[in-house]
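Undergrad: Quick one: this structure, given as structure tokens, is what I'll be asking you about.
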Amino acid sequence: MTKQRYLTGITTTGTPHLGNYVGAIRPAIEASRNPEIESFYFLADYHALIKCFEPEKIRQSSREIAATWLALGLDTDHSTFYRQSDIPEIMELTWMLTCVTAKGLMNRAHAYKASVQENEQSSENDPDKGITMGLFSYPILMSADILMFNAHKIPVGRDQIQHIEMARDIGQRFNYLFGEQFVLPEAAVDDQVAVLAGLDGRKMSKSYGNTIPLFSSEKELKKLINRIKTNLKEPGEPKETSESALFEIWQAFATPDQIQYMRDAHANGIAWGQAKKELFELINEQLTEPRNRYQELMNDLGYIDEVLKKGAEKARAEAIPRLEKARASIGIARTISQS
Ligand code: TRP
């Protein structure tokens, strides 16, 4: 049996936070060490262009994300780690896929629909105001990312399931028209993976402004943990774990024994200040080493580039022949050879 191939992209906007770590990065890095599967992880920098027109931000975020994954121990010998923009074949495939994608399918994409709805509610007379073709065809670029490498499983959050279904539809359509060639992918949504609570108790998310950056300094980490919202229960008063954002975050980092310990501590009325101190210690201990390594990497961008270059070479070794096949299948074989 061929190995199952997992592939996922990380949009390069923003600085990774603890929620990204627990929900996506940590499980992906664990998977990269599993010999039963093959993993492809990439920086989706052309996806970032859809929502960010600040070149320096895009550059910075790509570096930060690459350094983050490497600092946390991504095994780049057993996985393929690359930048989307280093694989020009993806862009070529995107056009081929665009030409077989029904516009109606894109009309149904949640992200596009949400933008239209916002315009309609704000008494705009143009429902498409501010919507670029990039945003509209975003799911096609994502399909090319996936189909280019014949990935089977796509680990994503719930909000991305629709996009994976679209990639299936588009791949199926292409196969039907031009001959079987693309594997039809499936979303892999892990319900076990924690959705981390943010500072205010809602899901930790950049759009809520309630995040804890993954590699904030020790001092900053302590400060932010102290800001986690708690209720007014006094020291000595029993506390409900179900109402405790702090306990939720604890759970995402603790062993089963440590979880039991904190559950008991809540029942026994641990003071919030003490619980925060212990949470800081727990997280800080796990992050100290990667944080140092992250700082080293951010000071050695040449190394990051080297790793990404190696990854791009591995990825292109697959993408080039698959693209040639697709081109031949649509009747546009090359007249000049690729250097
Ligand atoms: N759109 C994804 C997100 O916002 C990122 C992404 C781009 C992706 N291309 C992908 C995820 C391909 C999985 C597969 O999270």
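Here, each number is a calculation from the coordinates, and none is a lab measurement. This one's a predicted model, so the numbers in the text were calculated from it and none came from an experiment. All Cβ positions, glycine included, derive from the backbone under ideal geometry; neighbour counts span all protein chains shown.
Undergrad: Just to be sure I understand the model, the point goes 7 Å from the Cα along the line to the Cβ. What's the resulting Asp159 to Ile131 distance in nm?
TA: About 1.8 nm separates the two model spin labels.
Undergrad: Cα centroid distance between region 243-316 and region 17-89, in Å?
TA: Centre-to-centre distance over Cα atoms comes out at 18 Å.
Undergrad: Give me the dipole magnitude in Debye, nearest 20, for the chain about the Cα centre, with unit charges on the beta carbon: positive for Lys and Arg, negative for Asp and Glu.
TA: 420 debye
Undergrad: Sticking with this structure for a sec: Along its principal axes, what span do the Cα atoms of the chain show, with the longest given first and each in whole Å?
TA: Result, largest extent first: 77, 52, 41 Å.
Undergrad: Let me ask something else about it. Place a label point 7 angstrom from the Cα of Asn299 along the Cα-to-Cβ direction, then list the residues of region 208-231 whose backbone nitrogen is under 16 Å away.
TA: 217-218
Undergrad: Let me ask something additional. Could you work out the relative contact order of region 215-297? I mean the mean sequence separation of Cα pairs under 8 Å and 6+ apart, divided by the number of residues, in percent.
TA: Once normalised by length, the contact order is 40 percent.
Undergrad: On to the next question. For Arg334 and Tyr208, what is the calculated FRET efficiency with R₀ set at 45 Å and r taken between the beta-carbons, to the nearest 0.05?
TA: Plugging the Cβ-Cβ distance into 1/(1 + (r/R0)^6) gives 0.40.
Undergrad: Let me ask something else. Can you spot the aspartates and glutamates whose alpha carbon is less than 13 Å from Lys113's alpha carbon? Ignore those fewer than 8 places along the same chain.
TA: Output for Lys113: Asp128.
Undergrad: Can you tell me which of Leu232, Leu97, Leu224 moves the most in a GNM of the chain? Springs connect C-alpha atoms under 10 Å apart.
TA: Leu232
Undergrad: Do any GluC sites (Glu not before Pro) in region 191-249 lie in a DSSP loop with no more than 13 other beta carbon atoms within 10 Å, and if so, which?
TA: Passing sites in region 191-249 are Glu240.
Undergrad: Mind checking which of Trp69, Trp250, Trp95 has the largest fluctuation in a GNM of the chain, springs on alpha carbons under 10 Å?
TA: Looking only at Trp69, Trp250, Trp95, the biggest GNM fluctuation is shown by Trp95.
Undergrad: Computed from the mean reciprocal separation of all distinct C-alpha pairs, what Kirkwood hydrodynamic radius does region 118-192 have, in Å?
TA: Taking every pair of different Cα atoms in region 118-192, averaging 1/r and inverting gives 14.0 Å.
Undergrad: Within region 223-339, how many Lys pairs that are eight or more residues apart, or on different chains, come under 24 Å at the alpha-carbon?
TA: 13
Undergrad: Could you work out how much longer the chain between Thr98 and Thr2 gets when fully extended? Use 0.36 nm per residue separation minus the Cα distance between them, nm to one decimal.
TA: 31.6 nm
Undergrad: Moving on. Among Leu147, Ala44, Ser337, which residue has its Cα furthest toward the positive end of the charge dipole of the chain, with +1 on Lys/Arg Cβ and -1 on Asp/Glu Cβ?
TA: About the Cα centre, the residue reaching furthest to the positive side is Ser337.
Undergrad: Taking only Cα atoms, what is the 0 to 90° angle, nearest 10, from helix 272-298's long axis to the longest principal axis of the chain?
TA: 40 degrees
Undergrad: Given a cut-off of under 8 Å on Cα pairs at least six residues apart, what relative contact order in percent is computed for the chain?
TA: Relative contact order comes out at 21 percent.
Undergrad: For Phe40, enumerate residues with amide H under 5 Å from its amide H, sequence gap 5+ or separate chain, H modeled in the peptide plane.
TA: For Phe40, the qualifying residues are Tyr6, Leu7, Thr8, Thr80.
Undergrad: Still on this model: If r is the Cβ-Cβ distance from Ser123 to Gln181 and R0 is 56 Å, what FRET efficiency results, to the nearest 0.05?
TA: Efficiency, rounded to the nearest 0.05: 0.75.
Undergrad: Mean-square fluctuation check for the chain, GNM, Cα pairs under 10 Å: which of Lys206, Lys309, Lys277 is largest?
TA: Most flexible of the set in this elastic network: Lys277.
Undergrad: Another question, if that's okay. Kindly put Ile336, Ile90, Ile259 in sequence by how many other C-beta atoms sit within 10 Å of each C-beta, fewest to most.
TA: The most exposed by this proxy come first: Ile336, Ile259, Ile90.
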